[in-house]
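Let me begin by presenting the structure, written as structure tokens, before commenting on it.
The values are calculated or read from the model by the stated rules, or taken from the named source; none is laboratory data. This one's a predicted model, so the numbers in the text were calculated from it and none came from an experiment. Keep in mind that these areas ignore ligands, DNA and RNA; they rest on the heavy atoms of the full protein, side chains included. Shrake-Rupley method; radii C 1.70, N 1.55, O 1.52, S 1.80 Å.
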Amino acid sequence: MSVRDRLLQYLRRRLESDPVPLRLVFWNGYQFDFAPGPSVTLVLHSDEPIRALLRGNFERLGDAYVNGAISVEGRIEDVLAVGISLAERFGRHGALQRLARLARLIPHRRSAETDAANVQHHYDVGNDFYRLWLDERMIYSCAYFKTGLEDIHTAQRQKLDHICRKLMLRPGERLLDVGCGWGGLLVWAVTRYGVNGVGITLSERQYAYAKELVTASDLSDRIEIRRQDYRDLRHDAQFDKIVSVGMYEHVGLENLSSYFSIIADLLEPGGAFLNHGIVATDPEGRARGPAGGEFIDRYVFPGGAVPHLSRALVEISRAGLEFADVEDLRPHYALTLQHWSRRLEAHRGDVIRTAGERRFRIWRVFLAGMACAFDRGWLSVAQVLSFKPFGSGGASRPWTRAYQYAEDPPGRDAIPYAGQLDRGRN
């Protein structure tokens, strides 16, 4: 028996209490099954990836997959399940004590130019690429499900309306969308709630698409799209309402205080701000789960960083805003990512023709892996609604959440508001 065979037999015995449904196929055609009827086949095209596998270096295995040194066969959900099972099993035996993070949480100071480059790396892959697997409105953030049975198009429409209801938008108000993406939220808010909007993005492709969308929707007199960094908003006019969806993950932990301070300065007293973003689930802000962080930082989302929810609330409060409502949407994002992942898989041929085989491999790992991360609670996503107090004291806000779920959104004057106590005598 060769050294390779003895090693593989040893590994199979170590895993026999809970067999992993994996088949290894070597470059010379030799096959080895870790369990009967394997659902996943890993094809090694050279001996280099086997070293990474034996060392438990799943970051390097990710590199090998992206670069074509290995191939995988099987449903992407099954591939992820096998990879996580091996990582967790090897981790218990000390082989993976250097597990990387799912999200990079190490603060590092960045310039506006660096942030712009990071955003463009992620979003300027091409609008045709995103159009293949996002919904019809190109909404690239957590959808909102009421039953879990909705298609992605319905769930994203529900999310847009949920945000607008939370913000209590009313005709004539001035709305700022920080990180406006392809413009879907602004168009929804303007056409259905009568506001006037300003949206900013650092992505060239998003900027061009959103501008075209606004023009095609005959809303050029109601919506202004800018290619602009949030730091350049400091001296802008104030807004009645501000929303930021999936944006603050790009800011960097060291810039959170400045980011929320700028938002607060731009908000009219009594105005509302909704921040929708990913949060870490570890109380200390540490990432959970097996390897993935270096892969994401290198190939997908350079410079990304997420805090624990508590850190976000502290920074919002430090900026002088009063947070009033926090909603965790973790299950919603797990299902959203699964929809995206399955749509990517269903359009595999078109994705490869549009963006190339390498890009397809990167994003199929990223989307399926993130769906798993949210499903297992390694990451979450939260909407935080806050208000800017008037100079005389606390912020005025609704007594309950009932206005968010009414069949017909009530007007601002129909919502019972809690203000300051009546200090007069009885």
Quiz item: So which aspartates and glutamates pass the test for LYS211, namely a Cα distance under 13 Å, with those fewer than 8 places away in the same chain ruled out?
Solution: ASP221, GLU224
Quiz item: According to the square roots a ≥ b ≥ c of the eigenvalues of the Cα gyration tensor, what is the shape class of the chain, taking rounded for a/c under 1.5, prolate for a/b larger than b/c otherwise, and oblate for the remainder?
Solution: prolate
Quiz item: Hey, what's the Kirkwood Rh for region 131-193 if you take every pair of different alpha carbons, in angstrom?
Solution: 12.3 Å
Practice problem: Provide the gained length on full extension for the span ARG192 to ARG401, in nm with one decimal, where the gain is 0.36 nm per separating residue minus the Cα-Cα distance. | Solution: 73.2 nm
Quiz item: How many Å² of accessible area per residue for the chain, probe 1.4 Å?
Solution: 45 Å²
Self-check item: the chain: calculated mean residue ellipticity at 222 nm from DSSP helix runs of at least 4, using -39500 (n - 2.57)
Solution: -12500 deg cm²/dmol
Quiz item: In whole percent, how big is the carbon plus sulfur part of the accessible area of the chain, probe 1.4 Å, protein atoms only?
Solution: 49 percent
Quiz prompt | Exceeding the 22 Å Cα-Cα cut-off - candidates LYS146/LYS166; LYS146/LYS241; LYS166/LYS241 | solution = LYS146/LYS241
